[in-house]
Amino acid sequence: MSAASALPHPALWRASQLATRAGPCLGTGHGRLDAELPGGGWPAGALVELLLAEPGVGEMRLLGPALARLPGDGPIALLQPPCPPHIAAWAAWGLDPARLLWVRPGRPADALWAAEQILRHGSCAALLYWQAHARHAWLRRLHLAARASGMPFFMLRPAREADAPSPAPLRLALSPAPGGVRVALIKRRGPVCVQPFVVPLEPGRGTRPARLPHAPVDRPAPALPEPGRLAPALAG
């Protein structure tokens, strides 16, 4: 038996070790996160779930570097995001706003159908899909469609879905943290990651600042109104 034949198949991995990806991976742009992901990045051709404590905790800033590195000029599909895309913010992240494809289906069933069609046709560079709830059977269909297309596919769901079964090989729970976003690895092909860790994010649009306790702000007292002079609250 040759040395090459003695090597394990790329699809096989030990539970005590991070799996190696047989397919392509997309670097996240965050070294701390890459070190914890099998293959060292976001897997292409697989369902990746981001479980959000609330929308706007830094999920788009987390995905921004990877989306900016997508090859080609195919569109980046945003399927029923919670708010309209902020074009100036996307441009500031190094993303071409002309690549954005904003899809707003009328019903949840239409959104599931649209997600499957985008994955099956493979005409987009990536798919980001916001969905509050989806049955396991639909998640499996979408995962299989992503595998066939080889497209990066991110599904953004509420944190309460963390205990629901999912065929996704990679699931991350995201919550706000000072200066970045806190990541808890719920599921990966490798050892259990017990402790969450913080991924630093550059300040700017797309990152919600951590809540701070109220503090008094020193302001000069407004001048008292005088005859022939309007009060400051009424001036202007």
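Just so it is clear, none of the values below were taken in a lab; they were calculated from the coordinates. These numbers come from a predicted model, not from an experiment. Cβ sites come from the backbone with ideal geometry, for glycine too, and all protein chains shown count toward neighbours.
Observations, loosely collected:
- Difference of contour (0.36 nm per residue) and Cα-Cα distance, E116 to H86: 8.3 nm
- Inter-label distance, nm, simple model (7 Å from Cα along the C-beta direction), A148/A162: 3.4
- For the pair R104 and V192 in one chain, pulling the backbone fully straight at 0.36 nm per residue adds 28.0 nm over the alpha carbon distance.
- Only Lys, Arg (+1) and Asp, Glu (-1) charged, at Cβ; segment 21-200 dipole about Cα centre in debye: 380
- Net +/- balance of residues flanking Q117 in space, Cβ distance below 13 Å, scoring K and R +1, D and E -1: 0
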